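Each remark here refers to the structure printed beneath this line.
The values are calculated or read from the model by the stated rules, or taken from the named source; none is laboratory data. Keep in mind it's a predicted model, so treat the numbers as computed, not measured. Here Cβ is always computed from backbone atoms with ideal geometry, including for glycine, and neighbour counts include all displayed protein chains. Keep in mind that these areas ignore ligands, DNA and RNA; they rest on the heavy atoms of the full protein, side chains included. Shrake-Rupley method; radii C 1.70, N 1.55, O 1.52, S 1.80 Å.
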Amino acid sequence: FVRNDDQAASGAKHLKLTITGVHGTYSWSYSNASLILGGETGQVEIELKNETSVGSSATIFNYASTGMTETCSPIKSFELSPGGNLAILKIGLLRHQLIDFGVFVKMTHGRKETVLFCDPQASNDPVKNF
């Protein structure tokens with residue numbers, strides 16, 4: 001969850017997303033399940049740490065969030081570092097607004113790909129295999 005509170009300290013917020021397991025049984029965890037941003041547009045950085053078995057690679061490639069409409073989104077921008085190991089989101093919330101979001105991670109093991117939706121509030125159930 002991300003929440004806006006005028007009393008919160010400003011500056012970038014950092015999360016670490018750790019992927020563990022072996023091909024077919026991946027798990028994930030975030031360093032924090034919630035963040036409180038200051039009153040202005042805040043920056044959230046999600047660093048991906050791949051602790052899976054040898055031969056599996058992991059890259060962040062997209063995100064999903066609540067609180068979006070066709071004309072208004074609390075996610076003002078989404079950028080990826082080269083290699084997809086760091087996602088940078090600029091989030092602008094209304095005062096005391098609350099949203100939840102997660103990132104999509106592509107796991108590659110040989111020629112097999114698995115897409116994980118890493119939502120801090122969910123279990124490891126939302127997995128889509130290609």
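Just a few scattered comments:
- Of the criteria (1) at pLDDT 90 or above; (2) in contact with a Lys or Arg (Cβ under 6 Å, 6 or more places away or on another chain); (3) open to solvent by 60 Å² or more (accessible area, probe 1.4 Å), which one V115 fails: (3)
- Of all residues in the range 58-87, those satisfying the criterion of being at pLDDT 80 or above and open to solvent by 60 Å² or more (accessible area, probe 1.4 Å) are F61, N62, K76, E79, L80, P82, N85.
- Of residues in the range 88-109 being β-branched (V, I, T) and at pLDDT 80 or above, the one nearest to the chain's Cα centre (by Cα): V103
- Yes/no for S31 being over 16 Å from V103 (Cβ atoms), of a type in the set (S, T, N, Q) and open to solvent by 30 Å² or more (accessible area, probe 1.4 Å): no
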